[in-house]
1. Taking only pairs six or more apart or across chains, which ones have beta-carbon atoms under 7 Å, a first residue in region 263-285 that is aliphatic (A, V, I, L, M), and a second residue that is buried (at least 16 other Cβ atoms within 10 Å of the Cβ) and assigned to a loop (DSSP other than H, G, I, E, B)?
2. For region 79-103, what are the residues that are assigned to a helix (DSSP H, G or I), surrounded by fewer than 24 Cβ atoms within 10 Å (Cβ to Cβ) and at pLDDT below 85?
3. Of everything in region 135-176 that's among the hydroxyl-bearing types (Ser, Thr, Tyr) and surrounded by fewer than 23 Cβ atoms within 10 Å (Cβ to Cβ), which residue is modelled with the highest pLDDT?
4. Check Gly226, Gly174, Gly234, Gly182 and return the single one that is in contact (Cβ under 8 Å) with a residue 24 or more places away in the chain and within 30 Å of Leu275 (Cβ to Cβ).
5. Which numbered condition in (1) at pLDDT 85 or above; (2) touching a Gly at 6+ places or on another chain (Cβ under 6 Å); (3) hydrophobic (A, V, I, L, M, F, W, C); (4) not in a helix (DSSP H, G or I) is the only one that Ala13 fails?
6. Yes or no: Thr210 closer than 18 Å to Ala81 by Cα and either hydroxyl-bearing (Ser, Thr, Tyr) or not in a helix (DSSP H, G or I) (or both)?
7. Taking the condition of being surrounded by 23 or more Cβ atoms within 10 Å (Cβ to Cβ) and over 30 Å from Ser97 (Cα atoms), how many residues in region 1-51 meet it?
8. Starting from region 105-117, take each residue that is of a type in the set (S, T, N, Q) and list its partners that are assigned to a helix (DSSP H, G or I) and at pLDDT below 85, counting only C-beta distances under 8 angstrom and pairs at least six apart or across chains.
Amino acid sequence: MSPLLVLIVAVLATTYAGPVIRLATAPALAIAFWRLTLVLPVTGVGAWREQPRGAAPPPGSADPVSPIGQSLVLMALSGMALAAHFWSWIASLHYTSVASSVVLVSLKPVFAWGIAALWLREHPTRREKWGIVLAVLGAVLIGIADSRGTVGAIGGDILALTGAVAAAIYYTIGRRVRATVGVWTYATVVYTVAAAALAGLALGSGVAFTGYPSSDWTVFLALAAGPMLIGHTGLNYALKHFRATTVNVAALGEPVGATILAWLIPAIHEVPPPLALLGGIVTLGGIGLALTSGGEEARVRA
């Protein structure tokens, strides 16, 4: 399957996470825990199937698998970063709007750009840089249009920004590890570590894992099936074929889709002002510029 197609579908799958989370009554830690845990049976089967069974993978295979021992520490760190990302971002949705939260957490390409440049020595092309700048500018316009200025909103915005830094670390580590580790193995280890970290936080803070209404369990399942299984796992797949900055700027399509869905879902009905609509157009233009910055330049060369 085309890595670009997987990337596009993955981004589309993440767009409804923010609006759907707003429909849940469960605390952030419980939502994040079940979002990860419910997807593990599927990724676990995938990880088992992609392990070598005594025969070497065929030459030129799309996703060759190698021993993961040397990558376990990095995957554990990635899982901790993912846990921090989910906790801080989901918590932010209780204090600020969907648009503001998703936009701020989507500033992760800026942080990923810096981390990847320092650690992986990866730099975006000139056209891709302009695409990132435009996409982030559009996201900022949406955030400005949605600004509230209240103490609660500011607290939520800080949580969302924390989620952006954590996500940048998560994706940059994924870019490094996915060069040698299969996507299902990587996803299973990282999601397991993240779920365990969130379980520890939940137990320490007295958050229950059960006792929620059926509507919340519908939200948990929806988050696991779409944004987690298709969204995050698809983005992790793309990290083998595209730079971390490329994947992250593509993910900026999430706030645009989330804003539209938050507008259309009656239970939320957050009507975006004209400035937010302009920001959405600018963001999509920047994403298009970055993703068409010269196909092979944005991809990993085999």
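The values are calculated or read from the model by the stated rules, or taken from the named source; none is laboratory data. Keep in mind that this is a model prediction, so the values were computed, not measured. Note that we place each Cβ from the backbone using ideal geometry, even for glycine, and neighbour counts take in every protein chain shown.
1. Close Cβ pairs (under 7 Å, with a partner that is buried (at least 16 other Cβ atoms within 10 Å of the Cβ) and assigned to a loop (DSSP other than H, G, I, E, B)) amount to Ile268/Arg22; Ala276/Asp146.
2. The one that is assigned to a helix (DSSP H, G or I), surrounded by fewer than 24 Cβ atoms within 10 Å (Cβ to Cβ) and at pLDDT below 85: Ala91.
3. Restricting to residues being among the hydroxyl-bearing types (Ser, Thr, Tyr) and surrounded by fewer than 23 Cβ atoms within 10 Å (Cβ to Cβ), the top hit is Thr162.
4. Numbers: Gly174 fails: within 30 Å of Leu275 (Cβ to Cβ); Gly234 fails: within 30 Å of Leu275 (Cβ to Cβ); Gly182 fails: within 30 Å of Leu275 (Cβ to Cβ).
The match here is Gly226.
5. (4)
6. The answer is no for Thr210.
7. Going through region 1-51 one residue at a time, the tally reaches 1.
8. Hits for this filter: Ser106/Ala139; Ser106/Glu254; Ser106/Pro255.
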